[in-house]
């Protein structure tokens, strides 16, 4: 009996232990699930709700707004120049700044403060007051007014804000997405500002996405072509060279300006492909006008590419064109910092026979050291100085100074963007060696240029011909 009772007690003890272990396991599992749920819905660094959580809160707020007939305000806050802060002070300091911003956003109150991206935060508010959006904007700006103390540094930080407001009754139509579109618009217009979302912004975004998709296929479909704008000698007005300019005619979008599709190509990584297309086509076309140099614009991405030398030299070999007939135009801003690799690349291209032109000269980064050291044959005065000729005498003084610098260094100087008699007279008086602009020629197709050069050559031949040998003059005599 005693033995049996002992067995019963042992079994009971083991059962109790098993039950306790099961309870503890369940508690641990519940705790783990709660932690996992929290991590899935909150930002680890700041502890704020994340984007997933913010969208869930929006759905809850929509029901409340529908019941009350109110509105939901979504504000997206983007820290201006956060990358520069990270690069300057380090990633750890950047994390401290994000935590400090999160604290201030949380202190503003409202229905939800969230971190929805790297340096993007969101505030959600349910309200029915007409001026609630303006009030929220002022509160956000006030939150960023005091400097942030980050690892011993006092940092003045600004933010761009995008605001989106739901329809009455809380009907949501991509509210956070719309606020994000608005903040992108704010950063483009002026950092540190606020923009309220409109449907026009959404249409522009959709158009931009459509352009991105269509641009990827434009080369293969033959939608991209080159036009050429002549550059004339200031003394004779005869064409001395031409500049290749990329054009896109889309069946869906019509004629898309380079100012629209070139930035898209840069953002989407298409510049390398577009650049190779331009180089190959321009080199091929240059065979059609012997004795006239062809200028090709080279982007920063192309110049720093590991394949830049092959991309430029291979087409000249394939098409049997001397590099001496090709001028490579490089913008002044690409040379900031006097990068040794860039200098080495330009010297190799120069040694191979290419001519080099410094484009947009005078735009604010001018450095006499790199003008002296980089092997440029030509300086192209930025058109901003030409268009300013009618407004300020300083523009003419700057043009004269650039021309004087060109003479000292033995460089040709081109004035771009000439459109009026007054501009022409001014740059001629300043002493530029070459002129480019609508006053003389607009960009044209290769076939049109070929015909124009043939006509100019005939005129030159007629002028060189003795008077007695000209049939029309003999008939007059």
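The values are calculated or read from the model by the stated rules, or taken from the named source; none is laboratory data. Values in this document were obtained by computation on a predicted structure and should not be read as measured data. Here the Cβ positions follow ideal geometry from the backbone for every residue, glycine too, while neighbour counts run over all protein chains shown.
Of the residues 209, 276, which single one is free of Cβ contacts under 8 Å to residues at least 12 places away in the same chain and part of a helix (DSSP H, G or I)?
Of the residues listed, the single one that is free of Cβ contacts under 8 Å to residues at least 12 places away in the same chain and part of a helix (DSSP H, G or I) is 209.
Among the listed residues 410, 353, identify the single one that is touching a helix residue (DSSP H, G or I) at 6+ places or on another chain (Cβ under 6 Å), surrounded by fewer than 16 Cβ atoms within 10 Å (Cβ to Cβ) and either more than 28 Å from residue 310 (Cα to Cα) or modelled with pLDDT of 90 or more (or both).
The conditions single out 353.
Look at residue 386 and say whether it is surrounded by 19 or more Cβ atoms within 10 Å (Cβ to Cβ), touching a helix residue (DSSP H, G or I) at 6+ places or on another chain (Cβ under 6 Å), at pLDDT 85 or above and over 30 Å from residue 340 (Cβ atoms).
In short, yes.
When you check residue 213 against the structure, is it under 21 Å from the mean Cα position of the chain (by Cα), surrounded by fewer than 18 Cβ atoms within 10 Å (Cβ to Cβ) and more than 20 Å from residue 328 (Cβ to Cβ), yes or no?
So residue 213 passes the test.
State all residues of the range 420-430 that are buried (at least 16 other Cβ atoms within 10 Å of the Cβ) and either touching a residue at least 24 places away in the same chain (Cβ under 8 Å) or not in a helix (DSSP H, G or I) (or both); if no residue qualifies, say none.
If the condition is that a residue be buried (at least 16 other Cβ atoms within 10 Å of the Cβ) and either touching a residue at least 24 places away in the same chain (Cβ under 8 Å) or not in a helix (DSSP H, G or I) (or both), then 423, 426, 427, 430 are the ones that fit.
Do we find a residue being assigned to a helix (DSSP H, G or I) and either touching a helix residue (DSSP H, G or I) at 6+ places or on another chain (Cβ under 7 Å) or surrounded by fewer than 21 Cβ atoms within 10 Å (Cβ to Cβ) (or both) anywhere in the range 153-161?
The answer is no, given that none of the residues of the range 153-161 is assigned to a helix (DSSP H, G or I) and either touching a helix residue (DSSP H, G or I) at 6+ places or on another chain (Cβ under 7 Å) or surrounded by fewer than 21 Cβ atoms within 10 Å (Cβ to Cβ) (or both).
Give the range 37-60 a look and list any residue that's surrounded by 12 or more Cβ atoms within 10 Å (Cβ to Cβ), more than 21 Å from residue 99 (Cα to Cα) and out of contact with any helix residue (DSSP H, G or I) (no Cβ under 8 Å at 6 or more places or on another chain), or say none.
57, 60
For the range 129-152, which positions are touching a residue at least 40 places away in the same chain (Cβ under 8 Å), over 24 Å from residue 66 (Cβ atoms) and not in a strand (DSSP E or B)?
Answer for the range 129-152, where residues must be touching a residue at least 40 places away in the same chain (Cβ under 8 Å), over 24 Å from residue 66 (Cβ atoms) and not in a strand (DSSP E or B): 137, 140, 141, 144, 151.
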